[in-house]
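J.: Structure provided below as structure tokens; questions to follow.
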């Protein structure tokens, strides 16, 4: 996963540089989980239910940003 994390970081940097991206509201990342043998893995929540989507809120917005200080 460290390689995937690094690849995402580098891809975002390239998008910033190549397309002059300075702000973004949302980012969508698709992950295809596999095991160490390259076989598909089904992710499940703590109750055993199959996960088809995970949504995370963005980073904490500072009070300065929120109040435009």
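All of the numbers you see were taken from the coordinates with simple rules; none came from a lab. Worth saying up front: this structure is predicted, and the values here are computed from it rather than measured. Reconstructed Cβ throughout: ideal geometry from the backbone, glycine too, with neighbour counts over all protein chains shown.
J.: When 1/r is averaged over all different Cα pairs and the result inverted, which Kirkwood radius in Å belongs to the chain?
T.: 15.5
J.: Right, next: Taking a spot 7 Å from the Cα of residue 65 along the direction of its beta carbon, which residues of the stretch 3-32 have an amide N less than 13 Å from it?
T.: Only 23-27 fall inside the zone, counting backbone N under 13 Å.
J.: Using Cβ contacts closer than 10 Å as the measure, can you line up 10, 36 from fewest to most?
T.: In increasing order of surrounding Cβ atoms, one gets 36, 10.
J.: Using only Cα atoms, find the angle between the long axis of helix 2-19 and the longest principal axis of the chain, and express it within 0 to 90 degrees, rounded to the nearest 10.
T.: Roughly 40 degrees between the two axes.
J.: Which of 49, 68 comes first, and how do the rest follow, when ranked by fewest Cβ neighbours within 10 Å?
T.: Final ranking by Cβ density, sparse to dense: 68, 49.
J.: Using a cut-off of under 11 Å, list every residue of the stretch 1-38 whose amide N is near the label point 7 Å from the Cα of residue 56 along the Cα-to-beta-carbon line.
T.: Once the point is set 7 Å along Cα→Cβ of residue 56, 5, 29 turn out to lie under 11 Å by backbone N, inside the stretch 1-38.
J.: Please identify which residues in the stretch 1-30 have an amide N closer than 18 Å to a label point set 7 Å out from the Cα of residue 36, following the Cα→Cβ vector.
T.: 1-4
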